[in-house]
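The values are calculated or read from the model by the stated rules, or taken from the named source; none is laboratory data. Fair warning: this is a prediction, and the values are worked out from it, not measured in the lab. For neighbour counting, all protein chains shown are included, and Cβ atoms are generated from backbone atoms with ideal geometry for every residue, glycine included. Only protein heavy atoms, including side chains, enter the accessible area calculation; ligands, DNA and RNA are left aside. Shrake-Rupley method; radii C 1.70, N 1.55, O 1.52, S 1.80 Å.
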Amino acid sequence: ASQSGAEGAMVAARTKKAQRILFLHGSKDVPSQYIQVMNASFCAQKINVVVDTFMLGGFDSGFLQQAANITGGIYTNFFRDRDMAAAQAPFSLSTYLVNVFLAHPETRKDLQLPRGHATTNLKVSCFLTKKALDVGFVCSVCLSIFSRKMQCCAVCGTAFQDARAMKKKVINRQS
């Protein structure tokens, strides 16, 4: 039996090795690392590398949540995502990691993955106050976002001599 072009492409996609990165992360985001994390995320997206994140504590990482979203990966905060009934049951961390993160990205579409990572927090926050913003000021050099206009960027150190150098932007639009 011969395969149609679409079926052949699906088989080829499923048999192709997927390049992935798995972050096991347990601390808060460090605002000064935002640019590096986002640059790495966009590079990973460009070369088709999936970024997955498994949070190991009570913290969430907005940076890694966005990285997983950009690259088509999985973000899960295991200790927050587990419901109380499941928390009382015996548990194997290695089994969980293998079953959730080892599956090919194409196969994941058919799996019932842990809830809690389906909605990504794409709301940006001020790099200084860490408060969520709807409108903010963006550094024209490093794209850091602040809640107020500044004379000098707190992330990259650029001095703003011109009113146009730091622009006010609507960050999140509610529909």
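A few comments on the model shown:
- Verdict on Lys130 being assigned to a loop (DSSP other than H, G, I, E, B), open to solvent by 40 Å² or more (accessible area, probe 1.4 Å) and modelled with pLDDT of 85 or more: no
- Leading residue by the ranking (modelled with the highest pLDDT) among those in the range 77-107 that are out of contact with any strand residue (DSSP E or B) (no Cβ under 6 Å at 6 or more places or on another chain) and closer than 25 Å to Gln33 by Cα: Phe78
- Selection within the range 8-43 - hydroxyl-bearing (Ser, Thr, Tyr) and either at pLDDT below 75 or more than 18 Å from Asp60 (Cα to Cα) (or both): Thr15, Ser32
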